[in-house]
Amino acid sequence: MTRLINQQFKLAARPVGMVKREDFSYEEAPVADPQDGEVLVKTLYLSLDPAMRGWMNAGKSYIRPVEIGEIMRAGGVGEVIASRNPRFQAGDFVSGTLGVQSYAVSNGKDLVKVDPKLAPLPKYLNVLGMPGMTAYFGLLDIGQPKPGETVVVSAATGAVGQIAGQIAKIKGCKAVGIAGGADKCAYAVKEFGYDSCIDYKRGPIYPGLAQSCPDGVDVYFDNVGGEILDAVLTRIRMKARIVICGAVSQYNNTTPVQGPKNYLSLLVNRARMEGMVVFDWAARYGEASLQMGQWMAEGKLKSLEDIVDGLETFPETLLKLFSGENFGKLILRVA
Ligand SMILES: NC(=O)c1ccc[n+]([C@@H]2O[C@H](COP(=O)([O-])OP(=O)(O)OC[C@H]3O[C@@H](n4cnc5c(N)ncnc54)[C@H](OP(=O)(O)O)[C@@H]3O)[C@@H](O)[C@H]2O)c1
């Protein structure tokens, strides 16, 4: 039988500033046979996430860094094509940390079975995957929105943002998005039901915030940090909640992270700002999937993906997250 060839992207260098193709090495190697307890998975889709930029850095974080020479870490969905693990059989579809490669050998510990009859496979990397869980628990547990409140979401149309904005509407809030460009803002309102959307690429967002949030901001779901966080801090209401989900504007900095200059607004307004890491809610993912599945069935929640073809495009496709070219959850179709 012809031996399968694995195409892999490994981390070749720790990036300085923006990621580039040379930070990865592309290699081909024969696919390893699964040993006792292992499964062989053919990668179908890979999730591209801003967090990947952080995983490429050395140093302590919420997860260990990817080492030089190691296959670049990535979540994905694939099909089991051989199994020596009693939990799985060939033909099962699974989601888990597959890495940027066309085949993955796994001990199965982090693999979860997914059902393409219940939802198309890319949805398991979006609303039914890590971004959906992040939006659900970040907004509901930390943001605690109440009907009639104003919720602002940055990177409003991205994977996490699109779900956070829609859940805010489901909960009876006014949802205001912040996104890059007129087209994205129109997309935010049309596809995800935001009441309005502020285009930060047009200039300072203060006037847009004043217009869209005349009574101030009760919940800010922050995906970007930097100047946008600073601007929103100037408009928070008493007892506002700021969810620190991410700070994508800062991930490729060559200078230190820009901290919030206007943090004293938290004091004045008796407000709080709280960081979150989605893995802390792992025991409750089932609950969120059930609820979001129901909202989808009722037509209240949608999840849109931006799917790019070809494992070989990985480095350039990843960059779309930082230029803002992705419309919806960025996914790489591998096979
Ligand atoms: N804490 C957690 O557990 C957790 C889990 C998952 C994700 N996250 C975080 O959630 C955030 C969103 O992730 P995602 O997967 O949903 O990505 P995404 O929003 O689908 O894609 C990234 C978006 O960020 C925006 N962006 C990029 N550079 C920017 C800049 N310099 N200034 C302002 N906006 C910029 C762009 O949108 P525009 O074109 O609209 O600017 C881009 O489309 C990230 O910060 C990520 O790290 C956190």
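The values are calculated or read from the model by the stated rules, or taken from the named source; none is laboratory data. Here the structure is a predicted model, which is why all the values come from computation and not from measurement. As a convention, Cβ positions derive from the backbone with ideal geometry for all residues, glycine included, and neighbour counts pool all protein chains shown. Heads up: the accessible areas ignore ligands, DNA and RNA and are worked out on the full protein's heavy atoms, side chains in. Shrake-Rupley method; radii C 1.70, N 1.55, O 1.52, S 1.80 Å.
Probing with 1.4 Å while keeping every protein chain in the model, the per residue accessible area of the chain equals 45 Å².
Can you tell me how much longer the chain between Glu312 and Lys113 gets when fully stretched, taken as 0.36 nm per residue apart minus their C-alpha distance, in nm with one decimal?
Stretched out fully, the Glu312 to Lys113 stretch lengthens by 69.0 nm.
Measuring nothing but alpha carbons in the range 191-321 and taking Rh as the Kirkwood radius, the Rg to Rh ratio lands at 1.00.
If you average the C-alpha positions of the range 290-335 and of the range 189-268 separately, how far apart do those two centres end up, in angstrom? Each part reduced to its Cα centre gives a spacing of 23 Å. Rolling a 1.4 angstrom probe over the range 130-279 with all protein chains present gives an accessible area of which 56% lies on carbon and sulfur atoms.
The charge dipole of the range 130-279, taken about the Cα centre with unit charges on the Cβ atoms of Lys, Arg (+1) and Asp, Glu (-1), comes to about 260 debye, rounded to the nearest 20.
Taking 4.7 Å between beta carbons as the limit, the unpaired Cys residues of the chain are Cys173, Cys213, Cys245.
Relative to the 2.2 N^0.38 Å rule of thumb, the range 130-279 has a C-alpha radius of gyration ratio of 0.93. Over the range 47-152, the alpha carbon radius of gyration divided by the compact-protein estimate 2.2 N^0.38 Å works out to 1.29. On C-alpha positions alone, give me the angle between the axis of helix 285-297 and the longest principal axis of the chain, in degrees, nearest 10. It is inclined by approximately 70 degrees. Rounded to the nearest 20, the size of the Cβ-charge dipole of the chain about its Cα centre is 820 debye, with Lys and Arg at +1 and Asp and Glu at -1.
Calculate, for Lys261 and Ala186, the FRET efficiency according to 1/(1 + (r/R0)^6) with r their C-beta to C-beta distance and R0 22 Å; round to the nearest 0.05. Between Lys261 and Ala186 the formula returns 0.10. Taking all Cα pairs closer than 8 Å and separated by 6 or more residues, the relative contact order of the chain comes to 17 percent. If only the Cβ of Lys and Arg carry +1 and only the Cβ of Asp and Glu carry -1, the dipole of the range 287-335 around its Cα centre is close to 160 debye.
You can think of it this way: the chain between Met238 and Ala12 has 76.6 nm of extra reach, that is 0.36 nm per residue less the Cα-Cα gap.
Take the Cα of Gln144, step 7 Å toward its Cβ, do the same at Tyr206, and the gap between the two points is 3.1 nm. Computed from the Cβ-Cβ distance with R0 of 30 Å, the FRET efficiency linking Leu304 to Arg284 stands at 0.75. When each of the peptides 104-112, 264-272, 148-156 is scored by the mean number of other C-beta atoms lying within 10 Å of its residues, the order from highest to lowest reads 148-156, 104-112, 264-272. In the range 130-279, a dipole from Cβ-located charges (positive for Lys and Arg, negative for Asp and Glu) runs towards its positive end, and of Gln258, Tyr206, Val277 it is Tyr206 whose Cα lies farthest in that direction.
For the chain, the share of DSSP beta bridges that are antiparallel, to the nearest 5, is 55%. Pairwise Cα separations in the chain fall into 20 Å bins from 0 onward with the following percentages, short to long: 31, 56, 13, 0. As a check on your grasp of the helix formula, calculate [θ] at 222 nm for the chain: sum -39500 (n - 2.57) over DSSP H runs of n ≥ 4, divide by the residue count, round to the nearest 500. Calculated from helices alone, the mean residue ellipticity at 222 nm is -6500 deg cm²/dmol.
Compare the Cα positions of Tyr187, Pro145, Ala175 along the charge dipole of the range 68-213 (+1 at Cβ of Lys, Arg; -1 at Cβ of Asp, Glu; about the Cα centre) and return the one farthest towards the positive end. Toward the positive end, the furthest listed residue is Pro145.
Counting 0.36 nm for each residue step from Ala297 to Asp215 and taking away their Cα separation leaves a gain of 26.1 nm. Could you work out which residue, out of Ile63, Ile178, Ile228, moves most in a Gaussian network model of the chain, that is, has the largest mean-square fluctuation with Cα springs under 10 Å? Of Ile63, Ile178, Ile228, the Gaussian network model singles out Ile63 as fluctuating most.
The residue among Ile244, Ser323, Val232 whose Cα reaches farthest toward the positive pole of the charge dipole of the range 226-335, with charges on the beta-carbon of Lys, Arg, Asp and Glu, is Val232.
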